[in-house]
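Since the structure comes first, as structure tokens, the remarks are kept for the end.
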Amino acid sequence: MSFLTLLIIAVGVSADAFAVAVAKGLHLKRLTFRDAGGLAIGFGLFQALMPLVGWLLGRSFSSYITGIDHWIAFGLLGVIGVKMIREALSPDEEEDASDRIELRELLVLSVATSIDALAVGISFAFLSVSILPAVALIGAITTVLTLVGVIIGRQAGGRIGRPAEIAGGVILILIGTRILIDHLGVL
């Protein structure tokens, strides 16, 4: 597989992480290095690990994983999206309590945005792909795009406030729905 093909795949699997990072940036009242860096590193790490796991499991478990990956991503992104919308509609004093990206939420979002990368790893198992450079590239691209996404989201969120937070939740739900529709071949 060529470097250009791997680069396109890396950008493709990073798209969900970028969109979620924009949505989280919209949600935050202030952006700290801890939140931006944590989100970027978490997403990048999971986007790199999931194809590796998929590659390792690909030959023996591919039919089980690809059969449910879209449901897992849909469910996780939907739950986080609904949570963001509910928080946006709650009184300000409750909203302040969730201004930071907590570890549990980071882990859930990292898994949800990397489910497709798991499927990519499964496909890598059947292709002549050098897995370590591939996962390193995917992880690096995701880290950079996530950092850019959260900064873009934060800049926009400071200007448009609560509606942006609601939009961020809707975006997460739509991403999960898109993953589900793509896998089910509905449209």
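Tabulated results
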| quantity | calculated |
| --- | --- |
| Stretchable slack from residue 89 to residue 15, in nm (0.36 nm times residue separation minus alpha-carbon distance) | 23.9 nm |
| Accessible carbon and sulfur surface of the stretch 1-84 relative to its total accessible area, %, 1.4 Å | 80 percent |
| GNM top mover of 89, 28, 77 - the chain, alpha-carbon springs below 10 Å | 89 |
| Among 117, 130, 176 - extreme Cα towards positive end, dipole of the chain, charges at beta-carbon | 130 |
| Residue-normalised accessible area of the chain, given per residue in Å² at a 1.4 Å probe | 49 Å² |
| Helix-derived mean residue ellipticity, 222 nm - over the chain, DSSP H n ≥ 4, -39500 (n - 2.57), to 500 | -32000 deg cm²/dmol |
| Euclidean distance of C-alpha centroids, the stretch 119-144 and the stretch 1-51, integer Å | 14 Å |
| Accessible area, probe 1.4 Å, largest first, for residues 32, 142 | 32, 142 |
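The values are calculated or read from the model by the stated rules, or taken from the named source; none is laboratory data. From a predicted model like this one, the values you see are computed outputs, not experimental measurements. Quick reminder, even Gly has a Cβ in these numbers, built from the backbone with ideal geometry, and neighbours come from all protein chains shown. SASA here: full protein model, heavy atoms, side chains in, ligands and nucleic acids out. Shrake-Rupley method; radii C 1.70, N 1.55, O 1.52, S 1.80 Å.
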